[in-house]
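The structure appears below as structure tokens.
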Amino acid sequence: MRIRIGCEMTYELPGPTPMIALLNVHHSRMADLERPDTVTASPSVPLTTYRDGYDNRCTRLVAPAGRFVLGVDSVVRDDGLPDLVLPDTGQAAVEDLPSETLVFLLGSRYCETDLLSDEAWRLFGNTPPGWPRVQAICDLVHRHIAFGYPNSRPTRTAAEAWRERVGVCRDFAHLAITFCRAMNIPTRYCTGYITDIGLPPPYEPMDFAAWMEVYLGGRWHVFDPRNNAPRVGRIKIAHGRDAADVPLSHTFGANVLTGFRVWAEEA
């Protein structure tokens, strides 16, 4: 299966403004690209790429004053299969986890494990460890939060989402991540594309999506508390502790986002 992916973001800037963009697919999918997913800028400016502390592909630039457009467009080859479901996958004891996974047990900007730990053990302490426990967390979060773009707020944390019971995909992910970490399951926040392939219409306007990966049975597995069902055509851009680590663009100065388009569809 061939999936065309990309985005276009338009800004109005009062002056030259440094930016960091995370728009390239994760390096684990680079071999699946039919052509390089090169970031483009209009007007053209010098672009520098680097890998951040989580091995995500990042682009640095200085945007000029005025109208500025940042984008990417490519085609990814995909196996066309839905996310794996392996319900018998177990959970390792903390002392047996690889050292590189331990950072994903800790609290972070949007995932306050200290505030929700008691609640997590009350809710999930009697569930079977491993895959069934993570699925129980996703089931509850999926039911607990009402999805809606008018409910979006960039500062909402997991504890606030738990209290307010509203949010968007990042809020579903942050709350489920926090519960998983409180239950000693390494969990990282992911951002990228999810297609509507295999789903009946009508389709909502395309947007970037957030989900999570949990470390079970010696490897990372996808869970999606927002959709709470396996999906076809999930393409990761980046992962980190939470949304603060993987913004699509980080702008070091005043700016107004005046246009935003995302596409992820079968080519």
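The values are calculated or read from the model by the stated rules, or taken from the named source; none is laboratory data. Keep in mind that what you see is a predicted model, and the values were worked out from it rather than measured. Note that each Cβ is placed from the backbone with ideal geometry, even for glycine, and that neighbours are counted across all protein chains shown.
For the reader, a short list of remarks on this structure follows.
- Of all residues making up the stretch 124-149, the number that are among the small types (Gly, Ala, Ser), in contact with a Ser or Thr (Cβ under 6 Å, 6 or more places away or on another chain) and either assigned to a helix (DSSP H, G or I) or at pLDDT below 95 (or both): 1
- Any hit, the stretch 151-163, residues being over 20 Å from the mean Cα position of the chain (by Cα) and either among the β-branched types (Val, Ile, Thr) or over 22 Å from Val246 (Cβ atoms) (or both): yes
- Among (1) outside the structural domain of Ala229 (by TED's automatic domain parsing); (2) surrounded by fewer than 13 Cβ atoms within 10 Å (Cβ to Cβ) - the single one Pro64 does not satisfy: (2)
- Residues being within 30 Å of Gly218 (Cβ to Cβ) and either at pLDDT below 95 or part of a strand (DSSP E or B) (or both) - total across the stretch 56-79: 4
- From the options Trp211, Trp263, residue that is of a type in the set (Phe, Trp, Tyr), closer than 17 Å to Leu23 by Cα and buried (at least 23 other Cβ atoms within 10 Å of the Cβ): Trp211
- Of all residues in the stretch 183-221 being β-branched (Val, Ile, Thr) and assigned to a loop (DSSP other than H, G, I, E, B), the one that is modelled with the highest pLDDT: Ile185
Conditions tested, residue by residue: (1) without any contact (Cβ under 8 Å) to a residue 12 or more places away in the chain; (2) over 25 Å from Glu266 (Cα atoms); (3) in a loop (DSSP other than H, G, I, E, B); (4) β-branched (Val, Ile, Thr).
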residue	(1), (2), (3), (4)
Ile3	no, no, no, yes
Glu8	no, no, no, no
Tyr11	no, yes, no, no
Ile20	no, yes, no, yes
Asn24	no, no, yes, no
Arg29	no, no, no, no
Pro36	no, no, yes, no
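- Pairing each residue of the stretch 229-245 that is closer than 18 Å to Leu86 by Cα and in contact (Cβ under 8 Å) with a residue 40 or more places away in the chain with any residue that is buried (at least 20 other Cβ atoms within 10 Å of the Cβ) and β-branched (Val, Ile, Thr), provided the two are 6+ apart or on different chains, yields C-beta distances under 6 Å for Arg231/Ile194; Arg234/Ile194.
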